[in-house]
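Note sheet for the following structure.
Any read-out appearing in this document is the output of simple, stated calculations on the displayed coordinates, not a laboratory observation. It should be emphasised that the depicted structure is a prediction, and the values quoted were computed from it without experimental measurement. Glycine gets a Cβ as well: all are built from the backbone with ideal geometry, and neighbour counts include every protein chain shown.
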Amino acid sequence: METTRLFVQQYWRYIVDFSTFALCAGLIGVYQARLSRRIRRNPMHTVQGMNAQARVAWVERMIAENRDITAIQTFRNSMMAASFMATTAVLLIFGILNLLANADKLGVAFHGLNSWGSQEPGMTVFKLMLIVVSFFVAFFAFALAVRGYHHAGYLINVPANGKRGVVPQKTVQVLNRASLYYMAGMRAYYFTVPLVLWVFGPVWLFLGTVALLLVLRYLDLLPD
């Protein structure tokens, strides 16, 4: 019992930090699980489900009306947006890596509002590394989105006669997968907000997570 008490007294800041992080990660996981279930059950009540249905109708119209130029221009715009976000992620990664090189000098700036969490330089490095990982996930997701839009640009120009197994449904699948990668990249961007606030303390991490979930609920769900 005495050993436990001494352990808590010595490492209570670490306990608060990691407990808050686990709580916030659990809240985000529960939200994503409920959103996925709602997309399956009531797709038209979510932005993701509605956009997926809209892409089906769009592909069918582009193929039926032979609007190749319109389709390619749309894919080009999507690829440019994904490329811009991927490039931004890389720049942010290099910026954070520069902060990691000077993590021991940032204590005063980062810990001015941190009255509950750990103020050790090693903990600051760990938090910054999580942000780097999040941006790496965003980069790869946007890169895969560019790849998907590129492939969809070829598929949508194939005649809709089912030759060689290329049918409009395949184009829709590739396009929806690319859009899913794009959404994953945006989620990785969103999730960096509470991670950045965590650098200033676990209280800010919790407040940032709650605010993020409220914003995501507003963005994801459509009125009944």
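Please report, to two decimal places, log10 I(q)/I(0) for the stretch 170-224 at q = 0.13, 0.15, 0.31 Å⁻¹ as given by the Debye formula with identical point scatterers on the Cα atoms and no solvent. For the stretch 170-224, the Cα-only Debye profile gives -0.45, -0.56, -1.09. For the pair residue 68 and residue 88, a Förster radius of 45 Å applied to the C-beta separation gives a FRET efficiency near 0.90, rounded to the nearest 0.05. Note on the stretch 21-93: the C-alpha convex hull projects to 7.2 nm² when averaged across all orientations.
Take the Cα of residue 157, step 7 Å toward its Cβ, do the same at residue 217, and the gap between the two points is 4.6 nm.
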